[in-house]
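> Here it is: the structure, laid out below.
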Amino acid sequence: MRRSEFLRAVEAEFGARSASLVDDLVLGAVGSRTASEALAAGVPPRDIWLALCEETDVPVERRHGVGRLEPRRG
């Protein structure tokens, strides 16, 4: 998962709350940092996404593949 995919996934899942969750919610699974701090520290976006999902009780079926753009069709 790339940073851009992470940001799309957060927006898709949390909508208007996404910015505050990324900037304010401390995630123990990524070193007791916010998602923004973890990204800045070089934590892989997928690890942050999964930590955010776990902390906010996102159902397992919505944790994978979100944030990816559809493949280009030629």
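> For the chain, what's the relative contact order in percent, using C-alpha pairs closer than 8 Å and at least 6 residues apart?
39
> Just to be sure I understand the model, the point goes 7 Å from the Cα along the line to the Cβ. What's the resulting F14 to H64 distance in nm?
2.3
> Which of G31, H64, A51 sits farthest toward the positive end of the charge dipole of the chain, with +1 on the Cβ of Lys and Arg and -1 on the Cβ of Asp and Glu?
Of the options given, the answer is H64.
> Dipole magnitude of the chain about its Cα centre, charges +1 at Lys/Arg Cβ and -1 at Asp/Glu Cβ only, in debye to the nearest 20?
Here the chain has a charge dipole of around 460 debye.
> Do the sum for the chain: with -39,500 (n - 2.57) for every DSSP H run of n ≥ 4, divided by all residues, what is the mean residue ellipticity at 222 nm, to the nearest 500 deg cm²/dmol?
Using -39500 (n - 2.57) per qualifying helix, the result is -13500 deg cm²/dmol.
> Take every Cα-Cα pair in the chain and report what % of them are more than 15 Å apart.
Here the tail beyond 15 Å accounts for 49 percent of pairs.
Values in this text are rule-based calculations from the coordinates and carry no lab data. Remember, it's a predicted structure, so these values are computed and weren't measured experimentally. As a convention, Cβ positions derive from the backbone with ideal geometry for all residues, glycine included, and neighbour counts pool all protein chains shown.
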